[in-house]
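The values are calculated or read from the model by the stated rules, or taken from the named source; none is laboratory data. Remember, predicted model here, so these are calculated numbers, not experimental data. Don't worry about glycine lacking a Cβ; one is built from the backbone with ideal geometry, like all the others, and counts go over all protein chains shown.
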Amino acid sequence: MSRDAPGNTRRLSTQLQTVWHLPPFSELLFRDYDMEVLVFDAGSGNTHIVDPIAGCILRYLSKRPQNSEVLAQEVSTQFRLPADTSLASYIDSLLHSLAQQNLLHQSRV
């Protein structure tokens, strides 16, 4: 705790942020088709078929970890979609789905 003024205390808060990243030793290879993206994970040997938005997110995260807000903005720009709550909700759901397939991990930093 720190003191603002005599007798007043305030709690120091540290807010952790969730960032998404590829699993360690993951190397993704991509092949684009009209309405889907084929993703081969050389680390696990698994092949996945994802939609173009998921492919965009995986490509972005293969360069650097990022939070969902920045990913939504990237998708909005790339696909010329409105950056609204429905896109944010879709991105959040998509990130969790990709994590269930072991294509992504999340960390608190």
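Taking the condition more than 21 Å from V109 (Cβ to Cβ), modelled with pLDDT of 95 or more and part of a loop (DSSP other than H, G, I, E, B), does L87 pass? Considered against the rule, which asks whether it is more than 21 Å from V109 (Cβ to Cβ), modelled with pLDDT of 95 or more and part of a loop (DSSP other than H, G, I, E, B), L87 comes out as no. Residue count for the stretch 98-109 under the criterion of being outside any helix (DSSP H, G or I) and farther than 14 Å from N67 by Cα: the result is 3. Just to be sure before I move on: is L104 buried (at least 16 other Cβ atoms within 10 Å of the Cβ) and farther than 18 Å from V39 by Cα in the structure I sent? Answer is no for this residue. For the stretch 55-75, residues that are without any contact (Cβ under 8 Å) to a residue 24 or more places away in the chain, in a helix (DSSP H, G or I) and more than 19 Å from D34 (Cα to Cα) total 6. Looking at the stretch 60-72, can you tell me whether even one residue there is of a type outside the set (V, I, T), over 11 Å from the mean Cα position of the chain (by Cα) and surrounded by 12 or more Cβ atoms within 10 Å (Cβ to Cβ)? No - not one qualifying residue is present in the stretch 60-72. Suppose the filter is under 13 Å from H21 (Cα atoms), part of a helix (DSSP H, G or I) and in contact (Cβ under 8 Å) with a residue 40 or more places away in the chain; does L95 pass it? Yes, satisfied. Could you identify the single residue in L94, L38, L81 that is among the aliphatic types (A, V, I, L, M), at pLDDT 95 or above and surrounded by 16 or more Cβ atoms within 10 Å (Cβ to Cβ)? Exactly one residue qualifies, and that residue is L94.
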